[in-house]
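The values are calculated or read from the model by the stated rules, or taken from the named source; none is laboratory data. A quick note: this is a predicted structure, and the numbers were derived from the prediction, not measured. Counting neighbours? That spans all protein chains shown, and the Cβs are built from the backbone with ideal geometry, glycine included. The accessibility values were calculated without ligands, DNA or RNA, using every heavy atom of the protein model including side chains. Shrake-Rupley method; radii C 1.70, N 1.55, O 1.52, S 1.80 Å.
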Amino acid sequence: SNGAARPTLKAISESPHLAEVYELLDQADPRYVLQGLTRLEELWRTEEKGPGLLRPAMVGYALLLMTTEPDMLGVTDSVAGRALALLALAKHLGPDLPVAREVAFLAHALGYTAHARALADKGFRPAESPGQEAIEAYIRGDAQALEAVVEEGGSVLAGYLLTRTLRLSDRRVEATEAARVLYESSSGSIPGRMELINSKDFGAAKMLTVI
């Protein structure tokens, strides 16, 4: 990597009005994800409805489902309901819309992992950003591809998805190290804190939780 900043989730074909939304989603932090979804609702009322708005919305709801585990506030059912409505809307607007990657990501977050993998096996449109590469690698469970995205200057999102992939693959030592890197590089963000706790690093867990 030459050290230059790389584009993150924002794809070159998207509306420029969505740039701030993608920047918020790329933090993978529920506080910023909610801000991004609020902005999307505003755009939905003022811009043409279509895949340009559906893509970040599905990514946002997938991240909310993932980053609010465990569900201490009882919000999962509400978020899941909205997520399912988005999937239905995508299907209603047209089966040929280029949103398969985002549909698979949201389906994966909802627990429909077999369906998500089946969509991945059919192939997605070419990735236009490191964020899209990271999402696709996460759906496939490809830690090596995620590591490559992170090493090339990937965002908090890429580091978060890498840590989850390692943890869910029971690669605990690597997951703990990735969680520490994520925590330090994201200035102690919620995803960084939660993944450090979930990595079963009990020293970190004691430091980051109220006991």
With on the phi > 0 side of the Ramachandran plot and either modelled with pLDDT under 95 or in contact with a Gly (Cβ under 7 Å, 6 or more places away or on another chain) (or both) as the only criterion, which of Asp121, Asp96, Asp170 stands out? Asp170
Which of the residues spanning segment 90-104 are open to solvent by 30 Å² or more (accessible area, probe 1.4 Å) and among the small types (Gly, Ala, Ser)? Ala100
Here is a check on your reading of the model: is Ala107 free of Cβ contacts under 8 Å to residues at least 60 places away in the same chain, closer than 24 Å to Arg193 by Cβ, surrounded by 14 or more Cβ atoms within 10 Å (Cβ to Cβ) and in contact with a helix residue (DSSP H, G or I) (Cβ under 9 Å, 6 or more places away or on another chain)? no
Go through segment 3-41 and give me each residue that's touching a Gly at 6+ places or on another chain (Cβ under 9 Å), part of a loop (DSSP other than H, G, I, E, B) and either surrounded by fewer than 16 Cβ atoms within 10 Å (Cβ to Cβ) or modelled with pLDDT under 90 (or both). Gly3, Ala4, Ala5, Arg6, Pro7, Thr8, Leu9, Lys10, Ala11, Ser13, Glu14, Ser15
Please enumerate the residues belonging to segment 52-66 that are closer than 17 Å to Met194 by Cβ and either modelled with pLDDT under 85 or over 9 Å from the mean Cα position of the chain (by Cα) (or both). Leu65
Check whether at least one residue in segment 75-85 is at pLDDT below 80, assigned to a loop (DSSP other than H, G, I, E, B) and within 26 Å of Thr165 (Cα to Cα), and report yes or no. yes
Just for segment 110-169: of the residues that are closer than 23 Å to Gly52 by Cβ and basic (Lys, Arg), which one is least open to solvent (accessible area, probe 1.4 Å)? Arg125
